[in-house]
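Step one of this worksheet: look at the structure below.
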Amino acid sequence: MKKVEIALEQELEYLDKILANIDLDIAVSMSYVRKVQGWTFPQLSKRFSNMEEIMWKRYMQPSYPSTRHIHVVAAYSWITMVPMTSFYKGLKIREAYRGMDNEAVEALICTGRIPNEQFNVVLNLIYNLLTDKGKTAVDELKAQLKLEYGDIDNYHEIDCFPPEQVDIKKFGEDYYRSIAFMMQEFRLEHGFSKEKVARVFGLSLYKYKRLEDPDIYQPFSMALGARLRLGFKVNSHVNFTEKMTIYPEFHHLRKLQHLRDLLIVESLKHLTHKQKKLITVILKKLADAYIDFLYI
């Protein structure tokens with residue numbers, strides 16, 4: 001990992017302020033994704049064990065006062081194939097993709113559900129519509145990603161689609177165990193004390209020590225991911241799920257989503273509004289058709 005620095009105290013105070021209503025934001029985002037993708041609550045609940053339909057309704061109800069746990073939202077992001085960072089946007093979910101109109105953002109929310117071969121076909125279709133300037137920008141991004149991640153085509157060969165049913169309890173245990181290992185590694189590598197990291201996360205020292213213990217099942221708020229990314233000023237927190245062993249496919253998905261988002265956003269950025277609208281329709285139809293076929 002690259003050397004990172006902890007945010008200044010005034011920046012952490014700002015984080016405290018903007019994340020004060022994170023559960024409301026997460027509820028709105030989860031509901032938005034459900035409606036865009038056309039999930040009913042009975043359909044959604046069938047994809048999980050150890051979590052009843054009523055709990056999914058509560059998670060997406062803004063007035064529900066309890067914490068939205070990060071492992072539950074992570075599992076939901078896997079089933080819907082939507083990047084977890086999108087759920088931090090609440091009513092401003094569209095701002096996750098600056099410069100994108102509403103239709104394009106809805107297409108991006110569906111993009112993760114498209115198989116690699118079809119996704120690459122759409123990317124090539126977009127590329128052929130670009131001006132020379134647009135093609136150069138996309139080519140430069142691909143070169144940059146190759147330097148950072150190696151042969152990015154290999155990521156597209158990994159089977160990262162979710163199983164027909166995800167056990168929320170087992171997923172949570174796997175998820176927090178990986179975070180515990182990776183958080184301890186991250187902290188030691190950068191020479192941070194437990195007290196400093198606890199402050200970044202807005203946790204007591206006692207609760208932070210539980211987060212670093214792989215043998216303790218301690219659910220945490222969605223604020224954890226936002227604080228990790230913003231409090232340490234890192235571009236991605238994909239690596240923190242790499243030690244998942246029960247559901248390792250989820251970690252593969254996180255890497256794939258990161259690459260796909262960068263590529264599709266950069267490509268769409270250089271289209272005209274009319275072209276973008278056409279590509280949006282294609283992406284949404286492909287996603288709907290594939291999911292209908294897979295789980296019919």
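The values are calculated or read from the model by the stated rules, or taken from the named source; none is laboratory data. None of the values given here were measured: they were computed from a predicted structure. Here the Cβ positions follow ideal geometry from the backbone for every residue, glycine too, while neighbour counts run over all protein chains shown.
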- Considering only segment 24-45, state which residues are at pLDDT 90 or above and assigned to a loop (DSSP other than H, G, I, E, B). 39, 40
- State all residues of segment 1-23 that are acidic (Asp, Glu), exposed (fewer than 15 other Cβ atoms within 10 Å of the Cβ) and assigned to a helix (DSSP H, G or I); if no residue qualifies, say none. 9, 11, 13, 16
- Considering only segment 3-59, how many residues are more than 23 Å from residue 202 (Cα to Cα) and not hydrophobic (A, V, I, L, M, F, W, C)? 18
- Mind checking which residues of segment 271-288 are surrounded by fewer than 19 Cβ atoms within 10 Å (Cβ to Cβ) and either over 20 Å from residue 78 (Cβ atoms) or at pLDDT 85 or above (or both)? 272, 273, 274, 275, 277, 278, 281, 282, 285
- Query: Can we say residue 268 is buried (at least 19 other Cβ atoms within 10 Å of the Cβ), modelled with pLDDT under 90 and not β-branched (Val, Ile, Thr)?
  - Reply: yes
- Query: Any idea how many residues of segment 24-56 are surrounded by fewer than 19 Cβ atoms within 10 Å (Cβ to Cβ), in contact (Cβ under 8 Å) with a residue 60 or more places away in the chain and of a type in the set (D, E, K, R)?
  - Reply: 1
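For segment 76-90, check the following and say yes or no: at least one residue is modelled with pLDDT of 95 or more and part of a helix (DSSP H, G or I).
yes
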- Message: Exactly one of these conditions fails for residue 180: (1) of a type in the set (Gly, Ala, Ser); (2) farther than 25 Å from residue 145 by Cα; (3) in contact (Cβ under 8 Å) with a residue 60 or more places away in the chain. Give me its number.
- Response: (3)
